[in-house]
Amino acid sequence: MYKNIDLNHAYRAFTGGPMICIFTKSKDGVPNGMSAAWNCPFDTDELILVLDKGHTTSENIRNGSKIVVAVPNSNQIDEILKLGSIHGRDCSVNKFVEQKVDTEESELFKLPVIKGALAYFECELNDKALFEDKGICLVKVKNCYVQENMWDEVSNSFKKGCLNTLHHVSEAVFCTGGELVSND
Ligand SMILES: Cc1cc2nc3c(=O)[nH]c(=O)nc-3n(C[C@H](O)[C@H](O)[C@H](O)COP(=O)(O)O)c2cc1C
C-alpha cells in the first residue's frame with residue numbers, strides 16, 4: 001500500500017544529495033557561505049546545485065565568483081543552520097564573523113571554507129544561461145579535496161564509517177548513516 005502525499009512534501013520523500021555548504025566571494029571581496037540540500041552529481045566532475053536567485057551566493061556567482069562546495073560532517077548541523085539562516089548581504093562584516101562559523105582557506109582558490117568538512121570541491125560555473133534562466137547552477141569541479149585519513153586509496157572512496165554525511169529531512173532535521181553496505 002502506498003499513500004498519496006501533498007506535493008509540497010514530495011521532495012522530502014525523494015531527498016537530495018548530502019547537505020552541502022557553498023562558498024563564494026562578492027565582487028568587492030566579501031566572503032560568504034550558504035547551505036543547500038538540493039544538489040546532485042551531473043558527471044564525474046560536474047555538480048548540479050539548485051539555488052534561489054535571490055541569495056547573496058547567487059549574486060556572487062552571477063558576478064563571476066569562483067565556487068567552493070563543501071560536504072559537512074554529521075556533527076556540523078549547527079554550522080549548516082547558521083550559514084543557511086541569514087543572507088550574506090545583511091551581515092555587517094561577513095556571515096562567518098556574524099554567525100561565528102570557523103573557516104579555513106581552500107587550497108587553490110583561497111576561498112574560506114567550513115573547517116572540518118569531509119571533502120570540498122573548488123568549482124567554476126559551467127552554464128551561465130542555465131543559471132540565469134532556472135537557478136540551476138551547473139558547476140565544473142576543478143579540484144577535489146578529501147580528508148586524507150578518511151580516504152581509501154584502494155577503492156578510491158571513503159573508508160568504512162567515514163562517510164558521515166547529513167541528508168535533509170525537514171526544517172532542522174537531518175538523517176545520517178555513514179555505514180557502507182553491499183550484498184557481498
Ligand atoms: C537545511 C537547509 C537546506 C537548504 N537548502 C537550500 C537549497 O538547496 N537551495 C537554496 O537556494 N537554499 C537553500 N537553503 C537556504 C539558504 O541556505 C539560505 O537562504 C541562506 O541564508 C542563503 O544565504 P546567502 O543569501 O548568503 O547566499 C537551505 C537552508 C537550510 C538551513
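Every number here is computed from the coordinates shown, using simple stated rules; none is lab data. Just so we're clear, the structure is a prediction, and the values are computed from it rather than from any experiment. Please note: Cβ atoms are built from the backbone with ideal geometry, for glycine as well, and neighbour counts cover all protein chains shown.
Going by what's in this entry, would Ile61 be described as within 13 Å of Ile136 (Cα to Cα) and either in contact with a Cys (Cβ under 9 Å, 6 or more places away or on another chain) or part of a strand (DSSP E or B) (or both)?
yes
When you check Val30 against the structure, is it touching a Gly at 6+ places or on another chain (Cβ under 8 Å) and more than 7 Å from the ligand (Cβ to nearest atom), yes or no?
For Val30, the condition - touching a Gly at 6+ places or on another chain (Cβ under 8 Å) and more than 7 Å from the ligand (Cβ to nearest atom) - is met.
Only one residue in Lys110, Lys53, Lys142 is of a type in the set (D, E, K, R), surrounded by fewer than 16 Cβ atoms within 10 Å (Cβ to Cβ), in a loop (DSSP other than H, G, I, E, B) and without any contact (Cβ under 8 Å) to a residue 60 or more places away in the chain. Which one?
Lys110
From the set of residues in segment 80-135 that are of a type in the set (Gly, Ala, Ser) and within 14 Å of the ligand (Cβ to nearest atom), which is farthest from Ile67 (Cα to Cα)?
Filtering segment 80-135 for residues that are of a type in the set (Gly, Ala, Ser) and within 14 Å of the ligand (Cβ to nearest atom), the one farthest from Ile67 (Cα to Cα) comes out as Ser92.
Assuming Asn75 fulfils every condition listed in (1) under 25 Å from Thr176 (Cβ atoms); (2) surrounded by 14 or more Cβ atoms within 10 Å (Cβ to Cβ) apart from one, which condition is it?
Asn75 satisfies all of (1) under 25 Å from Thr176 (Cβ atoms); (2) surrounded by 14 or more Cβ atoms within 10 Å (Cβ to Cβ) except (2).
For segment 1-35, what are the residues that are touching a residue at least 24 places away in the same chain (Cβ under 8 Å) and among the hydrophobic types (A, V, I, L, M, F, W, C)?
Within segment 1-35, Met19, Ile20, Cys21, Ile22, Phe23, Val30, Met34 meet the criteria.
Name the single residue that is nearest to Leu118 (Cα to Cα) among those in segment 147-184 being within 16 Å of the ligand (Cβ to nearest atom) and in a loop (DSSP other than H, G, I, E, B).
Among them, the one singled out is Thr165.
If you go through segment 35-48 one residue at a time, do you hit one that is under 19 Å from Thr176 (Cβ atoms), touching a His at 6+ places or on another chain (Cβ under 7 Å) and part of a loop (DSSP other than H, G, I, E, B)?
Yes; the residues of segment 35-48 include at least one that is under 19 Å from Thr176 (Cβ atoms), touching a His at 6+ places or on another chain (Cβ under 7 Å) and part of a loop (DSSP other than H, G, I, E, B).
Take the residues in segment 66-79 that are under 19 Å from Glu171 (Cα atoms) and not hydroxyl-bearing (Ser, Thr, Tyr), then tell me which one is nearest to the ligand (Cβ to nearest atom).
Ile77
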